[in-house]
1. Using only alpha carbon pairs under 8 Å that are at least six residues apart, calculate the relative contact order of the chain and give it in whole percent.
2. Using 7 Å Cα-to-Cβ label points, what is the Lys216/Glu134 separation (nm, one decimal)?
3. I need the shape label for region 214-354. Rule: rounded when a/c is under 1.5, else prolate if a/b > b/c, else oblate, with a, b, c from the alpha carbon gyration tensor.
4. Largest first, please: the extent of the C-alpha atoms of region 67-205 along each principal axis, to the nearest Å.
5. With θ set to phi - 60° and the Karplus curve 6.51 cos²θ - 1.76 cosθ + 1.60, what are the ³J(HN,Hα) couplings of region 349-359 in order, to the nearest whole Hz, using x for Gly and Pro?
6. Quote to one decimal, in nm, the extra length available between Ala92 and Ser127 on full extension: 0.36 nm per residue of separation minus the C-alpha distance between them.
7. Taking only the alpha-carbon positions of the chain and ignoring solvent, what does the Debye formula give for the base-10 log of I(q)/I(0) at q = 0.09, 0.10, 0.12 Å⁻¹?
8. Please arrange Met489, Met45 by counting, for each residue, the other beta carbons lying within 10 Å of its beta carbon, fewest first.
Amino acid sequence: MEPRSTSRAPQARSGPDPERVVVRDREARAGDDLERFFRGALTTMVAPGATDTRSTRVMARTRWAGEHVLVLRSSASDAERREARAHLDADALRRSDGTFSLDYPGDSGGPPLQPDTEYTLVVEHVSSGARLGEGRLRTAPVPGSEAAAKVTIGVASCHNPFRPDGALHPQALRALTAAQSAYDRVGAGRVVLAGDQVYGDLPAPLSLFDPDHFAKVGPRYRDSIFDCTEDEVRALFQERHRIFWKVDAMRGLMARFACHPILDDHEIVDNFGSDPAHSTPRWASVRAGALGAFHDYQARRVFGDARPASFDHGFRYGDVAVYVTDLRSERFATEDELVLLSDAQLRRLADFLERHGDAAAVVLVLSVPLLHLPDWMIAASVNVAGEGSDAGDRWSAPKAHGSRDALVQVLTRHERAHPHQRLVLAGGDIHVGAAMELRFTEQSRTALQLVSSALSNVQGRVQELAGGAMARAVSTKGRPTKTFAHASMLEGVDGADRNPCAQLNMGVIDVDASGHDAAVRVRLLSPDEEVVPNAAPVFDSGWR
């Protein structure tokens, strides 16, 4: 695309120093809102990701070309040093905004990691000695072992710590700090980041889709994000990650736990893929560039440096199998249908479930909760608000029933073949924490759904009340619906009965497979205003 002439003059740029900064970090802009929003954007970070019993993958962000080294040490023995190295080309780093991945053992020739063992990690730039960051990870226990029988997995979504003026919200900062200590306290072995880890379109005055804001931050000679090339869009969304992840507590959460991120709409724009317009050529560069940035900063810790066609993936943690779906990159809408999952992804899910039929429990991560509002309520809302609205984005939307039925068929077929395996659905998106039980047929075993949202996106009081009231409407009180034979909100125990929870929250899934039949427990934790940085249980299902 030829540059479009505007009143803004081109800016001269000097050539890069290949052994110095290979990625240009934007300086603070003029204006209070922009200055607050951009101030302190992250420069380096580390984040462990896909980690099994013997190996790990770590994503990092650097400012330098050249050789980098990952150093792992077992907490049990400081002398047990393991290394993996990567030589980084300046041109490749410029395109990836300095992000890359390191695998251990990979081709290092080092000994494999030990199962169920905690390791500290450090990533450094070799020639300068600069440290990109440090963190830790825990390898997975061997399935069937004593350690594998009792595991805990964290779930959190919707990270937007900003007020509309670009300042960080104190309440959001407290929640992010509390999340680290909370997941430490409950012994979370993995954390699933269930979508909206950055927002391309919020805060509204600082949205990439706002003409006034884009005029200040967009590339020269571009009038809107729709005029940008794929690489230009990718750079804009890479910058969003550096801004949204500048909070120490957010980076700390990702450095202290092996995290599995899931793509959702705000990694691009609200309700992305549910409006037929999103599948038109006008959106092609926006889609491709935003997904490229998502891979750079999020999916790279799972998939490595090669970007996959779709971001769905599965992993095993002890006696629990977890499948993380991708409901956005393949989503498309026509006048008659809203496809949330491709046939190919459904086949991959079915294959994963079959391979892990020995697991005591399956956690299926869906960024948009399968069970949210009754069909009649969603249909009425779509008629009022339109196809690309929040209502039109849900599984209950009339045009999405085909995708919902196809997913339920996969789950019910697997359940019939593995009747003793427990099922937990996990997700976020709706800015309300909630816990529900459901059965797909009268003969089905009860499954649980945990919605953890929002982690740091502070809602107004009116939004909190509305969200809570809508979440309560999901209960059919035992009456059958088109898809669910039974669905109802869960009761809490020991006074932790706030369900739904409209305050900031983080989710916890516990599985105990030590007995004859696996028991499952779901919890919601919320920042304690009295004891910072503590997070108190506001909902606890008890063992079920």
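1. Numbers: 1305 pairs, mean separation 80.3, N = 544.
Rounded, it is 15 percent for the chain.
2. 3.8 nm
3. oblate
4. Extents along the principal axes, in whole Å: 51, 45, 22.
5. 4, 4, 5, 4, 4, 5, 5, 10, x, 7, 5
6. Extending this stretch completely gives an extra 10.7 nm.
7. Log10 I(q)/I(0), no solvent term: -0.64, -0.80, -1.17.
8. Values: Met489 17, Met45 25.
With the sparsest Cβ surroundings first, the list reads Met489, Met45.
Since every read-out is calculated from the coordinates, none of them should be taken as a lab result. Nothing here was measured: the structure is a model prediction, and the numbers come from that model. Positions of Cβ are backbone-derived with ideal geometry, glycine not excepted, and every protein chain shown enters the neighbour counts.
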